[in-house]
Amino acid sequence: MSRLLEVSHLSKFYTNKKGLFKGTQETVKAVNDISFFVEEQETLGIVGESGCGKSTTGRAVLRLHEPTAGEVRFRGTDILSLSQEELRPYRQKMQIVFQNANSALDPRWTVERSLKEPILLHEPGIAKGELDDRIDQLMESVGFSPMYKKKYPHEFSGGQRQRIGIAKAISVNPEFVVCDEPVSALDVSVQAQVLNLMKRLKAERKLSYLFISHDLSVIRFISDRVGVMYAGRIVELAETKEFFSNPLHPYSRVLMAAVPRPVVAEDKESLYQGIGTIAEVSKVGCPFCTRCPQATERCRQEMPAEREVSPGHRVMCHLYEAGAIRS
């Protein structure tokens, strides 16, 4: 497989004004110098706690939020260097499924009109008969009879609205889809249905996904590779099977420990250090050092480099020197 998307040194910073008269400024590094790639027909899962920069990453890749720095190459073209007019063809190839389906659906429009809008935007010359047929096919592809296209979003359940949001995302035949926590607001049984639908559409339409979630079980089911984010950085990246059998970064182990299951008392005491607290992120050393039970003075003073400790398994941690694994 060839690489569809390559992200290099991507950053997105925000500036907040603070103080009584808003005279001081604070820079929030929501995404801080991250690099990754997505191959054709691959799902890269991004996991981490709320506020780690997952959703900002997805939006920055699509230029829904303009990045502060970095490159985003889609089939070799850096889309960050393109004007809005030059970017337009890439909008068709790169779509998004939002966490809240209501964000993608106008409550005043029928489902039919919502699905027609992106098609007409990118294919203004499409014949009416062909357009109607495509809408019917989209409805059927996400599990609806075409008769439901005349209904409004409020007439559907949350899971059904998410299916319609997925139909809208694939309506223009994209190659790459950012999935921003698309099942987090759904019941577990409905989650399974939507995830199976997304897997089927990926195979049928030869799609690639950047799948964002805070749920490790969802990431394990849907992803080919897993990236773990903390404080705006990707701290571990590996194939899914390798990651779940051998998580290396202390934060990855904390995420694993947070999954409800029986835990030995002494393990819980060490692994859960810092969970449930808002710890200040280190501005000099490792961002996780204020919560890590294995942190050393070096961790507090020096930002760790990303190391490949085994083929395809990369980790940003001083506990792992180049080529050597230390548990």
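The values are calculated or read from the model by the stated rules, or taken from the named source; none is laboratory data. Remember, it's a predicted structure, so these values are computed and weren't measured experimentally. Heads up, the Cβs are rebuilt from the backbone with ideal geometry, glycines too, and the neighbour counts pull from every protein chain shown. To get the accessible areas, we keep the full protein, side chains included, count just its heavy atoms, and leave off ligands, DNA and RNA. Shrake-Rupley method; radii C 1.70, N 1.55, O 1.52, S 1.80 Å.
Quick notes on this structure:
- Largest first, the three principal axis extents of the alpha carbons in the range 150-271 are 58, 29, 25 Å in whole numbers.
- Here THR296 and ALA258 are evaluated by their C-beta separation; at R0 = 30 Å the FRET efficiency comes out at 0.80.
- Across the cross-link table entries LYS168/LYS206; LYS116/LYS199; LYS128/LYS149, which are compared at the Cα atoms, the separations over 22 Å belong to LYS116/LYS199.
- Alpha-carbon centroids, the range 225-245 and the range 73-137: separation in whole Å: 31 Å
- Sorting the segments 158-164, 309-315, 143-149 by their residues' average number of neighbouring beta-carbon atoms within 10 angstrom, most packed first, yields 158-164, 309-315, 143-149.
- Karplus-derived 3J(HN,Hα) values for the range 49-58, using 6.51 cos²θ - 1.76 cosθ + 1.60 with θ = phi - 60°, are 6, 4, x, 7, x, 4, 5, 4, 4, x Hz; glycine and proline are entered as x.
- Hypothetical label at THR24: residues of the range 281-313 whose amide nitrogen lies under 20 Å (7 Å Cα-Cβ projection): 281-284
- Shape category assigned to the range 81-124 from the gyration tensor of Cα positions, a/c cut at 1.5: oblate
- FRET efficiency for the ILE126 to SER157 pair, using the beta carbon distance and R₀ = 30 Å, is estimated at 0.45.
- Reduced Cα scattering model of the range 103-142, Debye log10 I(q)/I(0), q = 0.16 Å⁻¹: -0.40
- By average C-beta atoms within 10 angstrom, highest first, the peptides 35-44, 132-141, 177-186: 177-186, 35-44, 132-141
- In sequence order, calculated HN-Hα J values of the range 244-259 (Karplus, 6.51, -1.76, 1.60; Hz; x Gly/Pro): 6, 8, 8, x, 9, 5, x, 5, 4, 5, 5, 4, 4, 5, 6, 5
- For the range 186-237, the list of trypsin sites (Lys or Arg not before Pro) that fall in a loop by DSSP and count at most 15 other C-beta atoms within 10 angstrom reads LYS206.
- Each peptide among 23-30, 289-296, 107-114, 123-130 gets the average number of other Cβ atoms lying within 10 Å of its residues, and from highest to lowest they stand as 289-296, 107-114, 23-30, 123-130.
- Computed from point charges on the beta carbon alone (+1 for Lys and Arg, -1 for Asp and Glu), the dipole magnitude for the chain about its Cα centre is near 560 Debye.
- Between ASN102 and ASP133, full extension at 0.36 nm per residue minus the direct alpha carbon distance yields a gain of 8.7 nm.
- Isotropically averaged projected area of the range 16-107, using the convex hull of Cα atoms (one quarter of hull area), nm²: 9.1 nm²
- Antiparallel DSSP beta bridges within the chain, percent to nearest 5: 65 percent
- Full extension of the chain between THR15 and ARG200 yields a length gain of 62.5 nm, computed as 0.36 nm times the residue separation minus the alpha carbon distance.
- Three principal axis extents describe the C-alpha atoms of the chain; from largest down they are 68, 48, 48 Å.
- Fluctuation leader among GLU85, GLU308, GLU117 - the chain, Gaussian network, Cα springs under 10 angstrom: GLU85
- Residue-averaged 222 nm ellipticity for the chain, from DSSP H runs of 4+ at -39500 (n - 2.57), nearest 500: -10000 deg cm²/dmol
- Heavy atoms of the protein chains alone define the surface here; on that basis the chain has 49 Å² accessible area per residue at 1.4 Å probe size.
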